Each structure stands twice: as structure tokens, then as C-alpha cells.
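Below you'll find the structure, written out as C-alpha cells, and then a few comments.
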Amino acid sequence: MGNIYDLIIIGSGPAGLSAAIYAKRARLNVLVIEKTGMSGGQILNTYEVDNYPGLPGIGGFDLGQKIREHADRLDVTFVTDEVIGIDPAFSVKTVYGQDTEYKCRTMIIATGARHAKLQVPGEKEFSGMGVSYCATCDGAFFRNRVAAVVGGGDVAVEDAIFLARGCSKVYLIHRRNELRAAKSLQEALFQLPNVEILWNTVVEEIRGTDQVEGLAIQDVQTKSQSELPVDGVFIAVGILPNSNEYSGKISMNGQGYIIAGEDCASSVPGVFAAGDVREKSLRQIVTAVADGANAVTSVQRYLIDNN
């Protein structure tokens, strides 16, 4: 049957890396499967992390690399592959990669989440041509130009603050009359002279010829419509769990998040969920890292009980 791992971790964001560190320290035979060959998950695209204890202001890429380096020092085994499905029903479980099958006694699903789409005309057509979901990745292309950010949470406000450092003008478009972002972020945003907030406003269409040239927007209260000239638009309207590959194999809520408590145990014995893919009230780096530790504790308990 080949190598049967004590634990396979699917995903190498903060939750997966934390789980790998704890698993290796517990002397488990562990394998981490990462899709892209670059560990860190969503934080790689975060310009600055100001709420991770002990490391205020660290860059997201730097934090991701530091956690990966910790795992490397413990000789964690990583493999780059895309998981296309699992068979978790038996004592020896199977993870299906593109060309390889992996066997394990337990698994932790730590596949994180992805950016939600606006689902408006022009979004798909201009993706990469003025439409972006990552300000830190693409913001430099809009230096001294006009950009819009769509959203009202932490990510949207962080993106607007970041873009304001290089753009001549930044519009923050939000469908409500107040932001959901942390108060400290809001205070920083309100102090920026080149940021204008368009309250109670939605984007109806992204327009242009070869690249983004403007947005069709609507005031949700008055229903009045207008066009907003911009060179680029950054969409930050939430996240969706990366859980499609596990549909029908494990219990999920209506949004696709895997149902698992603080012990990270899913509906299937021996299968655990950690990080942003898990149903939870707060999705932050620190909670993802905690999930990784909790999940491995549950893995150890399962392996002892099912030895």
C-alpha cells in the first residue's frame, strides 16, 4: 500500500503550517500538500500585518516565510500537488492528487478561502486589465492614477490605505452607510486626504475598451446612476471557502464552510478542519494558527483511541 502517513495536511497557510509544526513536534509522520509550492496562503498578499502578537507591522509575505522556515527547521515534508478529492470513510484514508494518491490515518483540511466576486458585467472581461483582488500585488501598476476599492471590511480598508500611498485618488465604494472594518483602520483611512468614500453605493458594471476606464455605479437609496472614471478597481467584498473538493464527503454549512468546533473535528472521524475553511466567527491569522494547534491535539487523541 506504500507509505501511510499518520497525518496529511492539505494546505500550507497559517493553519496548515501551524499544524505541521505541532505535528512534527509530536513526532507524527506528517505530509503537507500545498497547491502552488509557495507557503503562506492569503497573507502573502497582505502588505502589512499589524495585529499578530509580538510582530506589529510585519509584512504578510515575511510572516508567511517565517512560519514556513519554522516548519523547515523541523524537517516537515512538503509536496506540491493539487488535491482533487478525498475518500475519508475508512481507517486508512485517501487523498487524491492530480497524479498521485496519498494514504493517511488522519487528515487536516486547511485549504483556506478565496476572494468573492462582484458578479457584475465587465468583471471577468477586465480581470488582469484593471480588475484586481489584491492591492499589494497590483497596486504598483496604478501609481499616480485613480483607483477604486469595493467593500467595507478590514481588507477593503487596508487596500484603500495601501493604494492611497501611491495613487493620486482612491475611491472606497461601500453599499452601506458605515464600514465594518476595525475602528483603528477606519481612523487611519479617514485621515487620508486623497481617499473619498462613496456611501450607499454599488457597482453595476465595470466599463472600458482594452482596460478598465470607469464604473457604472448606483446610489442604493436614491437609485440615481452615474459613471465614475477610474483606471483600476480592487474588489474586496468577502471570501469563499476552498471546499468544493470535499463536497458530499464532509458536513458543511450553507456557505460551504466545513462544520467543525474548536477541537476542529469534522463530521467524519479522523478528518479535521482548520483555518478559514472552518465554520467560525472570526477569521484572522492568529485564529488560524490556533486552529492548527487544536487540530493536531485532536489528531493525537484520535490516533491514541484508534491505535
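Taken together, the values in this text are just the output of simple stated rules run on the coordinates, not laboratory data. For clarity, every value in this text was computed on a predicted model and none was experimentally measured. In this analysis, Cβ positions are derived from the backbone assuming ideal geometry, glycine residues included, and neighbour counts consider all displayed protein chains.
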**Prompt:** Computed from the mean reciprocal separation of all distinct C-alpha pairs, what Kirkwood hydrodynamic radius does segment 16-75 have, in Å?
**Reply:** 12.2
**Complete:** Computed about the Cα centre, the charge dipole of the chain from +1 Lys/Arg and -1 Asp/Glu charges at the Cβ has a magnitude in debye, to the nearest 20, of 580
**Asked** What angle do you read, to the nearest 10 degrees and between 0 and 90, between the alpha-carbon axis of helix 154-164 and the longest principal axis of the chain?
**Response** 50
**Asked** For TYR171, TYR257, TYR96, TYR246, what's the fewest-to-most ordering of other Cβ within 10 Å of each Cβ?
**Response** TYR96, TYR257, TYR171, TYR246
**Message:** Which one, ASN45, LEU215, GLY57, projects farthest toward the positive side of the charge dipole computed for the chain from Cβ point charges (K/R +1, D/E -1)?
**Reply:** GLY57
**Prompt:** Local charge sum around CYS264 (other residues, Cβ-Cβ under 13 Å, Lys/Arg +1, Asp/Glu -1)?
**Reply:** -2
**Item:** Dipole magnitude (debye, nearest 20) for segment 189-307, charges at Cβ of Lys, Arg, Asp, Glu
**Value:** 520
**Request:** Any chance you could give the angle, 0 to 90 degrees and rounded to 10, that helix 14-25 forms with the longest Cα principal axis of the chain?
**Result:** 20
**Asked** What Cys residues in the chain have no fellow cysteine's beta-carbon under 4.7 angstrom?
**Response** CYS104, CYS167, CYS264
**Fill in**
Taking only the Cα positions of segment 144-213, the convex hull volume per residue in Å³ is 80
**Complete:** Rounded to the nearest 10 degrees, the helix 60-73 long axis (Cα) sits at an angle to the longest Cα principal axis of the chain of 10
**Prompt:** For the chain, modelled as a Gaussian network with Cα springs under 10 Å, which listed residue fluctuates most, SER91, SER132, SER184?
**Reply:** SER184
**Asked** For segment 117-235, what does the alpha-carbon gyration tensor say about shape, rounded, prolate or oblate, given a ≥ b ≥ c as the root eigenvalues, a/c under 1.5 as rounded, and a/b over b/c as prolate?
**Response** oblate
**For ALA188, net neighbour charge (Lys/Arg +1, Asp/Glu -1) across residues whose Cβ lies under 14 Å away** = -4
**Request:** Sort MET252, MET107, MET38 so the one with the fewest other Cβ atoms within 10 Å of its own Cβ comes first.
**Result:** MET38, MET252, MET107
**Asked** Per 20 Å bin, what percent of the C-alpha pairs of the chain does each bin hold, from zero upward?
**Response** 32, 50, 17, 0
**Complete:** Projected area averaged over all directions for the convex hull of the alpha carbon atoms of segment 36-190, nm², comes out at 12.7
